[in-house]
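The values are calculated or read from the model by the stated rules, or taken from the named source; none is laboratory data. A quick note: this is a predicted structure, and the numbers were derived from the prediction, not measured. We place every Cβ from the backbone using ideal geometry, glycine too, and count neighbours over all the protein chains shown. Ligands, DNA and RNA are stripped out before the accessible areas are found, and what is left, the full protein with its side chains, is counted by its heavy atoms. Shrake-Rupley method; radii C 1.70, N 1.55, O 1.52, S 1.80 Å.
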Amino acid sequence: MENSTMVVTRKIQLLIDSEDKEVVKDAIGQLYNWQWICFRAANMIMSHHFVQERVKDFFYLTEDIKLKIADEKKEENGILKSSRQNTTYRLLSNHFKGQIPTNILSNLNNTLISYFNKEKDAYWKGEKSLRNYKRNIPLPFGAEVICKLNRTADNRNFTFRLFQIPFKTYLGRDRSDKKKMLDKIMGGTLKLRASHIQLDKGKIFLLAAIQIEKEQHFLDATVIAEASLSIEHPVTVKIGNHEHAIGDKEEFFHRRLAIQAAVNRVKKAATFNSGGHGRKRKMKSLEDYRHMEKRYVEQKLHVYSRMLIDFCVKHQAATLLLVNQQEKEEMAKEDHYLLQNWSYYSLKEKISYKAAKAGIQVIVE
């Protein structure tokens, strides 16, 4: 039976809920220290599991070395003191115990081992390299460690404690569904799953993984929608005799090029901008234009993907086929101009997410 739920992620900005500057400074310092530990721990986990998986390739070891990577208590020739999953957890515990909450280490270990097991066949075939984690890695934690989730006095935000650190959300105008979702989590109608804390340029974000019910639509398994992604029309969809073009070249591609041209003009003029605070002041207008392009592209891709899924639901299509998509992505890789300006992957990702939410199966041809 198909699963009726799915997990969505919402990015919510957080503030340290304290008026004491020292408390805020200590909390932020502690979070950055935990991030540094997670960065080191993540690369240790992947390295150790890679070695455990391929220890049989160490042909230069003596014959006395047993090659069965298994728990010695469960397997006759096992050489491990515990299960493979527990080996890296014990390794992290030995290195970082008392420096970071064990809940973070446990969730980090479980997540990375899951990634490793899914991708290990691609490692051996040379199709994928071993994951390498950077210093800005998010901090994973279990939902059970969040406590005292309540509304603020002004009823606009929420407060909670995580590892004894007091947090407050900063939702701003919140034109999305974040506030409603947090309300439902507090009321018990929605469930929070293992989530992450992300530190980005001095700001703190909660990457909340929330389990929701899929949308209920009447879909016909015999109806198949065929969608084509191209430059002339971002999306062209056909269902039986019904064909619909979503967006056009002038609306997306040319507008994006216009923004890029403006970026180049501002870049040339940046030399003559007033300084005062060094490079940041001079480059402010350039950064604003760069963010403008990113926001424009994200907004348009969300609109196009939403229109596509709404069209499929309207005509009761249970399957969405992306025609010749793999061939187009390979062609885009060879054309630098096309790869830079046409967001195939991002549009496909948004289509897949919205389709899963609506109960539509996506097949990439």
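Among the residues of the range 214-253, those identified as surrounded by 15 or more Cβ atoms within 10 Å (Cβ to Cβ), under 26 Å from Lys294 (Cα atoms) and without any contact (Cβ under 8 Å) to a residue 24 or more places away in the chain are His233, Thr236. Selection of the range 157-185 for residues being assigned to a helix (DSSP H, G or I) and open to solvent by less than 80 Å² (accessible area, probe 1.4 Å) yields Lys178, Lys179, Met181, Leu182, Asp183, Ile185. Checked against (1) free of Cβ contacts under 8 Å to residues at least 40 places away in the same chain; (2) within 24 Å of the chain's Cα centre (by Cα); (3) open to solvent by 60 Å² or more (accessible area, probe 1.4 Å), Asp154 passes all but a single condition, namely (2). Looking only at the range 198-223, which residues are β-branched (Val, Ile, Thr) and either part of a loop (DSSP other than H, G, I, E, B) or farther than 20 Å from Cys312 by Cβ (or both)? Ile204, Ile210 - these are the residues of the range 198-223 that are β-branched (Val, Ile, Thr) and either part of a loop (DSSP other than H, G, I, E, B) or farther than 20 Å from Cys312 by Cβ (or both).
If I filter the range 314-321 for residues that are in contact with a helix residue (DSSP H, G or I) (Cβ under 6 Å, 6 or more places away or on another chain) and at pLDDT 75 or above, do I get at least one hit? Yes, the range 314-321 contains a residue that is in contact with a helix residue (DSSP H, G or I) (Cβ under 6 Å, 6 or more places away or on another chain) and at pLDDT 75 or above. Residues in the range 78-135 that are modelled with pLDDT of 85 or more, part of a helix (DSSP H, G or I) and of a type in the set (Ser, Thr, Tyr): Thr102, Ser106, Thr111, Ser114, Tyr115.
Residue-wise test of (1) in contact with a Gly (Cβ under 8 Å, 6 or more places away or on another chain); (2) farther than 15 Å from Lys314 by Cβ.
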position	(1), (2)
Ala225	no, no
Leu229	no, yes
Val235	yes, no
Lys238	no, no
Glu243	no, no
Asp248	no, yes
Glu251	no, yes
Arg256	no, yes
Gln260	no, yes
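Within the range 284-299, residues that are over 12 Å from Arg255 (Cα atoms) reach partners that are in a helix (DSSP H, G or I) and charged (D, E, K, R) with beta carbons closer than 6 Å, at six or more positions or on different chains, in the pairs Leu286/Lys267.
All conditions in (1) under 21 Å from Ser47 (Cβ atoms); (2) out of contact with any helix residue (DSSP H, G or I) (no Cβ under 6 Å at 6 or more places or on another chain) hold for Tyr133, with the sole exception of (2). Restricting the range 322-365 to residues that are of a type in the set (Phe, Trp, Tyr) and part of a helix (DSSP H, G or I), the residue that is modelled with the highest pLDDT is Tyr353. Within the range 182-198, the presence of a residue that is of a type in the set (Asp, Glu) and within 27 Å of Ile137 (Cα to Cα) is excluded. For the range 12-39, taking the residues that are exposed (fewer than 15 other Cβ atoms within 10 Å of the Cβ) and among the acidic types (Asp, Glu), the one that is nearest to Thr152 (Cα to Cα) is identified as Glu19.
Once the range 134-151 is narrowed to residues that are under 19 Å from Asn103 (Cβ atoms) and not hydrophobic (A, V, I, L, M, F, W, C), the residue that is farthest from the chain's Cα centre (by Cα) is Lys148. Can you give me the number of residues within the range 3-20 that are out of contact with any strand residue (DSSP E or B) (no Cβ under 9 Å at 6 or more places or on another chain) and under 15 Å from Lys168 (Cα atoms)? Matching residues across the range 3-20 total 2.
Among the conditions (1) over 23 Å from the mean Cα position of the chain (by Cα); (2) on the phi < 0 side of the Ramachandran plot, the only one that Ile210 does not satisfy is (1).
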